[in-house]
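For reference, the structure is listed below as structure tokens.
The values are calculated or read from the model by the stated rules, or taken from the named source; none is laboratory data. On a predicted model such as this, the values are computed, not experimentally measured, just so you know. Reconstructed Cβ throughout: ideal geometry from the backbone, glycine too, with neighbour counts over all protein chains shown. Surface areas here come from the heavy atoms of the whole protein model, side chains and all, with no ligands, DNA or RNA. Shrake-Rupley method; radii C 1.70, N 1.55, O 1.52, S 1.80 Å.
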Amino acid sequence: MANNNTKEQKESFFQSLLSSLFNRTSPEAEKKKKLKMIAKGISKSKFHSFYRPTSGELTNSFGKLMLDLYKVVSPAQLMFTNAPNPAIFSRQLINYVMSENQIALLEEFDENNILEKSKKVPFNQLKKEIETKLQTFLNEFDGERVTKAENLSKAFAYFKDFCTFDYYVLLRKYDSSFQEYAFDSNPRLEKVNAEYVIEDLKDFLSVAYLITDESIVWNDLFEMLKETQHKEIVSAGNWKKIVARIRSIQVSRTLDMIIQHASEDPSYQTEINSHVASVIEPFMDKIEADTHALLNRIQAQQKESKASSICVQIFGTADPQSMKNYVPSFNSVLEKKDLNLLEYAEPLNYLKTFLIEFVKKTIREYYEVVVIRGQWDSTLSAPMSNAYQELLKMSDDITQFDDSFAEEGPMGSKIKTLLPKTAHDAGAENIINRVVSDANDLARGYIIQGTQALITIGKTIKQLIEDYSLPKPIIVANWKELEKYVDTPMKEFSVDIYKKIYLFAQLMQTYIQ
């Protein structure tokens with residue numbers, strides 16, 4: 001009896017093992033089962049006439065759908081494909097949502113208008129006027145206006161993508177003799193192997209399913225198109241029928257199932273990219289950036305023009321050179337690394353040149369004659385004397401400062417050593433920025449102090465000119481005696497120095513506000 005039980009247990013074990021081995025479904029069998037279910041789903045769909053699962057063919061019924069869509073959207077497709085500049089549509093959309101005041105203000109930001117005004121209006125006045133109008137223009141893009149624009153932009157993008165789908169290429173796979181936009185004679189739409197058009201189907205669904213978005217108010221888009229294009233591109237009524245048809249197809253999932261079945265990929269899901277880039281924010285940013293860039297360019301050009309004119313009057317050339325290292329060309333390596341730049345190279349160069357060519361020569365001569373030999377109260381001459389000595393020392397200081405930016409100088413060598421490290425070391429970048437920033441502060445300090453010292457000398461010389469012209473001088477008692485120490489008449493000599501200092505102060509004012 002025990003042997004019989006053992007035998008039955010062994011038979012039961014092997015039967016279970018065999019059953020589990022032969023009943024386990026293979027992945028291929030599971031796939032076939034799913035494809036069979038998909039085919040059954042297609043056959044039960046209201047759009048079952050699109051596809052024959054047994055032969056894997058798309059029928060003339062689906063071809064007719066594509067042809068009907070092509071006929072309706074072809075005017076829009078032609079409009080989009082023939083547009084010389086696709087960006088024109090975004091601009092038309094923006095103009096459509098702008099207020100009348102904004103459209104009028106937009107003319108004020110035209111480059112030619114601003115350039116023309118810059119010839120007649122002082123720059124600071126022009127800048128203030130343009131900035132005020134720009135802020136008014138931007139402020140009128142309130143929440144309601146922006147929302148309207150973004151909604152229209154989304155509707156327009158979906159409409160354009162649907163209309164520009166290549167229906168012609170798909171229909172050519174039905175009938176190779178079919179001609180583009182040739183709707184007078186219908187193509188032979190019999191059947192086509194679905195595998196041949198699977199990628200076309202996927203592309204179609206990726207744009208078709210977008211237009212079923214229920215948040216879109218299509219009437220708003222068609223009103224805009226009618227106003228901007230001055231004609232009805234696609235009938236609003238026909239478009240509503242298209243949207244309803246596509247929505248019905250989407251709900252049935254017939255085309256999705258056709259792709260799954262024809263590609264033998266039951267897991268396929270249609271990918272829909274519903275992201276639409278903002279139109280208003282980039283437009284606002286561009287208007288603001290372009291306007292500021294133009295104003296900065298005008299300011300730079302006017303500054304350069306004024307500086308060149310004054311330099312010619314002072315130095316006899318528009319481009320005097322005294323500095324060797326703290327110069328504009330030093331910025332080329334800094335700019336490539338997006339680092340701080342030398343900000344005062346030009347004005348510091350002018351100051352150094354003025355100190356060498358004018359202070360150490362012409363003003364020195366005047367100082368040695370009028371201040372040293374002149375008979376006048378030392379309390380009155382002290383400001384000029386102190387300013388003159390300060391300028392002499394500053395000339396040496398600026399030379400030392402300039403030398404520090406040489407390759408072997410403390411600042412120059414530090415920057416040269418750290419530059420290669422900036423690509424992977426934020427600390428190196430910070431050190432260079434700090435070195436350059438400190439140098440700029442020092443350069444600015446020289447310019448301000450030097451200009452102030454020259455203005456002090458200029459004010460004193462103006463008093464001396466007036467004193468010289470008096471029948472009985474009050475400040476300097478021995479003008480007549482001093483005349484013999486100068487080659488040029490004293491008044492002419494004094495006036496020339498005063499004019500040069502005045503011009504130089506104007507030159508520095510263009511750089512230091």
Within region 195-215, is there a residue that is charged (D, E, K, R) and within 16 Å of VAL73 (Cα to Cα)? no
Taking into account only those residues within region 355-371 that are touching a Ser or Thr at 6+ places or on another chain (Cβ under 9 Å) and of a type in the set (A, V, I, L, M, F, W, C), which is most open to solvent (accessible area, probe 1.4 Å)? ILE356
Kindly list, by first and then second residue, each pair from a residue in region 271-291 that is within 23 Å of ASP110 (Cα to Cα) to a residue that is in a loop (DSSP other than H, G, I, E, B), limited to pairs with Cβ atoms under 8 Å and residues at least 6 apart or on different chains. ILE280/PHE141; MET284/PHE141; ILE287/PHE109; ASP290/PHE109; THR291/PHE109
If we scan region 331-353, do we find a residue that is within 24 Å of TYR498 (Cβ to Cβ), open to solvent by 40 Å² or more (accessible area, probe 1.4 Å) and of a type outside the set (Phe, Trp, Tyr)? no
It is to be established whether one or more residues within region 48-71 are under 34 Å from the mean Cα position of the chain (by Cα), assigned to a helix (DSSP H, G or I), among the polar types (S, T, N, Q) and surrounded by 13 or more Cβ atoms within 10 Å (Cβ to Cβ). no
Some residue of region 76-98 being more than 48 Å from the chain's Cα centre (by Cα) and modelled with pLDDT of 90 or more: no
Please work out which one of (1) open to solvent by 50 Å² or more (accessible area, probe 1.4 Å); (2) closer than 19 Å to ILE233 by Cα is the condition GLU144 fails and give its number. (2)
Criterion: among the aromatic types (Phe, Trp, Tyr) and either under 30 Å from LEU138 (Cβ atoms) or over 37 Å from the mean Cα position of the chain (by Cα) (or both) - qualifying residue of PHE204, PHE178: PHE178
Inside region 364-416, can you point out the residues that are within 42 Å of the chain's Cα centre (by Cα) and either of a type in the set (A, V, I, L, M) or over 22 Å from MET323 (Cβ atoms) (or both)? ILE398, ALA406, MET411, ILE415
Within region 297-312, residues being without any contact (Cβ under 8 Å) to a residue 24 or more places away in the chain and within 25 Å of the chain's Cα centre (by Cα) number 3
Scanning region 167-218 residue by residue, those closer than 21 Å to VAL234 by Cβ, among the acidic types (Asp, Glu) and modelled with pLDDT of 90 or more turn out to be ASP203, ASP213, GLU214
Six or more apart or on different chains, Cβ under 7 Å: which pairs go from a residue in region 463-486 that's in contact (Cβ under 8 Å) with a residue 60 or more places away in the chain and under 14 Å from GLN375 (Cβ atoms) to one that's hydroxyl-bearing (Ser, Thr, Tyr) and in a loop (DSSP other than H, G, I, E, B)? Could you list them? none
Looking only at residues in region 313-330 that are β-branched (Val, Ile, Thr) and free of Cβ contacts under 8 Å to residues at least 40 places away in the same chain, which one is least open to solvent (accessible area, probe 1.4 Å)? VAL327
Filter result for the condition that a residue is exposed (fewer than 15 other Cβ atoms within 10 Å of the Cβ) and either part of a helix (DSSP H, G or I) or of a type outside the set (A, V, I, L, M) (or both), over TYR168, TYR209, TYR181: TYR181
Got a sec? Which helices (runs of 4 or more DSSP H) wholly within region 328-421 have at least 2 residues that are aromatic (Phe, Trp, Tyr) and within 30 Å of GLU304 (Cβ to Cβ)? 345-354
